[in-house]
């Protein structure tokens with residue numbers, strides 16, 4: 001009974017060791033004593049020689065490699081801090097296994113090539129172009145050259161991007177200082193132009209105000225003169241019609257202005273001011 005149980009266990013172990021499954025997210029190669037036997041690129045159940053053959057699995061999905069930030073020199077001799085991101089896929093399991101062996105080896109080789117090509121491409125562009133409109137074609141050129149060089153590794157580079165492109169930290173402060181100085185200069189220019197324009201507006205306003213006041217004074221004097229002339233004319237007509245009545249009215253107006261409720265006057269009795277008080281008809 002024990003012998004049968006051992007035989008069953010050995011049979012099950014042999015059967016388990018002779019089959020393997022590759023799912024939709026994997027690729028694989030089969031080796032025997034380190035020698036390549038075959039590649040498995042489709043998902044499914046497969047058989048191998050038990051205990052002698054070994055299955056090496058690798059991802060068939062898109063993989064990523066985020067290189068650490070590095071400094072690059074632009075065409076206009078400015079230092080640029082960039083961290084490239086690479087996306088790739090394993091297309092040939094055998095080449096991948098024999099050249100880079102696994103994802104760690106692939107990342108190391110890939111990062112070296114990407115940094116080299118990116119350094120070469122950045123050196124042919126100015127800093128302003130890289131952080132502006134030229135970044136997209138620049139990264140396309142880098143991706144094409146990296147794709148061509150990594151084809152021998154059994155991988156296909158999907159894309160290469162720069163996650164961030166900036167100046168080194170020690171350079172940023174000086175750049176910010178220059179930017180602040182430039183903004184201050186522009187602000188002072190705008191203030192100066194505004195003050196100049198305000199002075200012009202104030203001068204023009206003062207000029208218009210002076211002209212308006214002079215015109216108003218001239219008009220007032222003209223109207224006042226015309227009123228005085230009309231008043232004199234009316235007085236003259238009144239005096240011509242009845243000189244005695246005119247003299248009486250004028251004297252009464254003088255009394256009204258000069259003699260208030262508490263007024264005290266000391267005048268000669270022969271003063272012309274009191275002739276109508278002493279004699280209502282002095283001409284009589």
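Might you let me know whether region 94-113 holds any residue that is surrounded by 15 or more Cβ atoms within 10 Å (Cβ to Cβ), more than 59 Å from the chain's Cα centre (by Cα) and either modelled with pLDDT of 90 or more or not in a loop (DSSP other than H, G, I, E, B) (or both)?
No; the residues of region 94-113 include none that is surrounded by 15 or more Cβ atoms within 10 Å (Cβ to Cβ), more than 59 Å from the chain's Cα centre (by Cα) and either modelled with pLDDT of 90 or more or not in a loop (DSSP other than H, G, I, E, B) (or both).
Give the number of residues within region 123-139 that are under 19 Å from the mean Cα position of the chain (by Cα), assigned to a loop (DSSP other than H, G, I, E, B) and touching a residue at least 12 places away in the same chain (Cβ under 8 Å).
Looking only at that region, the number is 1.
Grab the strands (runs of 3 or more DSSP E) fully contained in region 1-77, keeping just those with 3 or more residues being within 30 Å of residue 165 (Cα to Cα), touching a helix residue (DSSP H, G or I) at 6+ places or on another chain (Cβ under 6 Å) and touching a residue at least 24 places away in the same chain (Cβ under 8 Å).
Strands (runs of 3 or more DSSP E) meeting the threshold: none at all.
The values are calculated or read from the model by the stated rules, or taken from the named source; none is laboratory data. All values reported here derive from a predicted model rather than from experimental measurement. Neighbour counts run over all protein chains shown; Cβ positions are idealised from the backbone, glycine included.
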